[in-house]
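Q: For reference, the structure I am asking about is given below.
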Ligand SMILES: Cc1cc2nc3c(=O)[nH]c(=O)nc-3n(C[C@H](O)[C@H](O)[C@H](O)COP(=O)(O)OP(=O)(O)OC[C@H]3O[C@@H](n4cnc5c(N)ncnc54)[C@H](O)[C@@H]3O)c2cc1C
Ligand code: SF4
């Protein structure tokens with residue numbers, strides 16, 4: 001196909017780039033570290049319309065389909081959300097149409113619009129992202145249109161008008177995988193019961209991702225609607241043994257396992273078991289419980305905190321620690337800033353909020369006092385070699401560079417592993433090398449009556465991919481039931 005780049009640029013400049021790309025307004029750092037409220041303000045209609053007006057409505061799908069190699073926003077979204085459709089409706093202020101369309105393929109668009117790393121998903125595939133003008137801010141529009149719809153009294157559909165199918169599904173785990181599976185099953189009149197070990201529903205959406213990224217009321221609101229539509233949620237109900245699992249298999253037609261990847265990786269450092277060393281999830285759960293109770297009595301208050309790791313969960317722990325009143329908060333990462341695995345946006349936010357970063361340091365050992373309390377962390381400096389022929393840069397420890405960073409608390413944010421639960425074997429759930437549950441394309445495990453998805457299958461991943469797995473499993477279950 002003939003493609004004149006200059007002509008294209010001029011068309012874009014004339015037609016669309018007159019409107020400046022904008023993300024949601026961010027609260028200033030001093031104000032946002034004084035509470036746990038979300039840091040981004042939602043778009044107003046004027047802002048959402050302006051940003052929707054930037055959309056080219058690329059006519060790619062009619063010519064090439066969703067599964068060609070040509071990418072655009074829909075192909076970048078794991079759910080293949082009809083982004084073009086609901087952006088068009090938002091532009092025309094057709095809130096109901098936009099809302100209904102955005103809720104067809106997505107189980108909770110206002111949640112994903114807030115937590116998805118859009119730059120590597122829908123926005124990363126937006127045609128405008130390949131130009132100097134920058135992608136359409138799809139996530140912000142998605143949040144706006146859903147919140148606007150809720151404001152106007154619209155509610156998501158959970159099969160309220162469907163005849164009851166007489167089929168029953170048990171879901172273990174209430175994170176995005178289980179929540180998504182429940183959504184699509186309820187819409188078909190299937191009875192669903194969720195068994196959740198924690199005291200609140202939502203999995204890592206509730207106890208992992210901090211409140212300043214997503215207010216927990218947003219998750220609970222979805223659960224309240226599902227409960228209103230007939231969902232039963234059993235909190236504080238951990239499935240621990242073969243008998244319990246067998247009981248579920250006897251009482252339900254199908255079981256979906258969405259237990260996540262809950263095991264925080266250890267560092268192997270000397271004194272890792274000392275008092276004051278925590279896994280990142282222990283700290284994030286502890287802080288979120290404080291937030292729920294509006295009771296800021298934290299073990300982190302007035303403490304010098306060191307977080308080891310450079311991913312997004314490290315950023316979350318650092319930023320949450322600042323808000324709860326830590327004296328100082330340092331991030332130690334063994335590579336350089338350029339090679340950090342976390343998102344650049346979160347690094348900027350963390351810096352603005354007062355986190356100190358130390359790059360090219362490798363923690364070696366934890367120092368303790370006579371009562372086994374942490375007193376510091378011994379680190380060595382590192383350097384990255386020049387790239388080899390494959391582009392890989394090795395990490396070298398610089399001999400003689402040992403130094404101790406005094407601190408009271410050390411948080412390990414080194415990633416997560418899957419866990420093989422004791423009831424997997426007897427239920428016929430086969431796992432892979434990393435304890436990941438093995439499934440087929442429908443998310444069916446080796447036991448035809450058991451499905452699984454989310455982090456339990458993929459290893460630590462994303463809310464949106466977990467939502468996709470829940471949806472895939474639900475579609476297959478619905479088909480199995482002949483509905
Ligand atoms: C700190 C942190 C920040 C993150 N930030 C983002 C982000 O910004 N954006 C994003 O897209 N993703 C993010 N993620 C990843 C995302 O949260 C996960 O990929 C996603 O939540 C996985 O969903 P899931 O349903 O598979 O599992 P989970 O969300 O882990 O839910 C599993 C649920 O199962 C329950 N459970 C486990 N075992 C049992 C049992 N035996 N019986 C009963 N219940 C059980 C658990 O209590 C939990 O509630 C983040 C993860 C972490 C740790
Ligand atoms: S679900 Fe996530 S990836 Fe898909 S359109 Fe929404 S923000 Fe983008």
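The values are calculated or read from the model by the stated rules, or taken from the named source; none is laboratory data. If you're wondering where the values come from, they're calculated on a predicted model, not measured in any experiment. Glycine also receives a Cβ, built like all others from the backbone with ideal geometry; neighbour counts cover every protein chain displayed.
Q: Residues in segment 398-420 that are away from ligand 1 (no atom under 16 Å from the Cβ), in contact (Cβ under 8 Å) with a residue 24 or more places away in the chain and either more than 25 Å from residue 305 (Cα to Cα) or not in a strand (DSSP E or B) (or both): how many?
A: So the answer is 3.
Q: Mind checking which residues of segment 461-483 are modelled with pLDDT under 95 and buried (at least 18 other Cβ atoms within 10 Å of the Cβ)?
A: Those that are modelled with pLDDT under 95 and buried (at least 18 other Cβ atoms within 10 Å of the Cβ): none in segment 461-483.
Q: State whether the residues of segment 256-273 include one that is outside the structural domain of residue 213 (by TED's automatic domain parsing), under 30 Å from residue 214 (Cα atoms) and without any contact (Cβ under 8 Å) to a residue 24 or more places away in the chain.
A: For segment 256-273, residues outside the structural domain of residue 213 (by TED's automatic domain parsing), under 30 Å from residue 214 (Cα atoms) and without any contact (Cβ under 8 Å) to a residue 24 or more places away in the chain: absent.
Q: Further question: Kindly indicate whether residue 83 is within 19 Å of the chain's Cα centre (by Cα) and more than 16 Å from ligand 1 (Cβ to nearest atom). Even if it seems obvious, please write down each step before you answer.
A: Numbers: within 19 Å of the chain's Cα centre (by Cα): no; more than 16 Å from ligand 1 (Cβ to nearest atom): yes.
Criteria not met by residue 83.
Q: Return the total of residues in segment 269-302 being touching a strand residue (DSSP E or B) at 6+ places or on another chain (Cβ under 6 Å) and either more than 15 Å from residue 319 (Cα to Cα) or surrounded by fewer than 18 Cβ atoms within 10 Å (Cβ to Cβ) (or both).
A: Summing the residues that are touching a strand residue (DSSP E or B) at 6+ places or on another chain (Cβ under 6 Å) and either more than 15 Å from residue 319 (Cα to Cα) or surrounded by fewer than 18 Cβ atoms within 10 Å (Cβ to Cβ) (or both) in segment 269-302 gives 9.
Q: While we're on this one: Consider residue 153 carefully, then state whether it is within 29 Å of residue 452 (Cβ to Cβ), outside any helix (DSSP H, G or I) and either away from ligand 2 (no atom under 16 Å from the Cβ) or without any contact (Cβ under 8 Å) to a residue 24 or more places away in the chain (or both).
A: Values: within 29 Å of residue 452 (Cβ to Cβ): no; outside any helix (DSSP H, G or I): yes; either away from ligand 2 (no atom under 16 Å from the Cβ) or without any contact (Cβ under 8 Å) to a residue 24 or more places away in the chain (or both): yes.
The answer is no for residue 153.
Q: Separate question: Looking at 432, 482, which is the one that is more than 22 Å from the chain's Cα centre (by Cα), at positive phi and either free of Cβ contacts under 8 Å to residues at least 40 places away in the same chain or more than 16 Å from ligand 2 (Cβ to nearest atom) (or both)?
A: Details: 432 fails: at positive phi.
On inspection, the qualifying residue turns out to be 482.
Q: Could you please find all residues in segment 349-397 being under 27 Å from the mean Cα position of the chain (by Cα) and without any contact (Cβ under 8 Å) to a residue 24 or more places away in the chain?
A: Scanning segment 349-397 gives a single hit, 351.
Q: So, one more: Considering (1) modelled with pLDDT of 95 or more; (2) in the same structural domain as residue 42 (by TED's automatic domain parsing); (3) not in a helix (DSSP H, G or I), say which one residue 133 fails and leave the rest.
A: Every listed condition holds for residue 133 apart from (1).
Q: Across segment 186-201, what is the total count of residues that are free of Cβ contacts under 8 Å to residues at least 60 places away in the same chain, closer than 27 Å to residue 483 by Cβ and either within 16 Å of ligand 2 (Cβ to nearest atom) or not in a helix (DSSP H, G or I) (or both)? Outline the logic, then answer.
A: Just the residues of segment 186-201 that are free of Cβ contacts under 8 Å to residues at least 60 places away in the same chain, to begin with: 186-187, 191-199, 201.
Filter once more, so that each one left must be closer than 27 Å to residue 483 by Cβ: 186-187, 191-196, 201.
Okay, now just the ones that are also either within 16 Å of ligand 2 (Cβ to nearest atom) or not in a helix (DSSP H, G or I) (or both), so 187, 191-196, 201.
Selection size over segment 186-201: 8.
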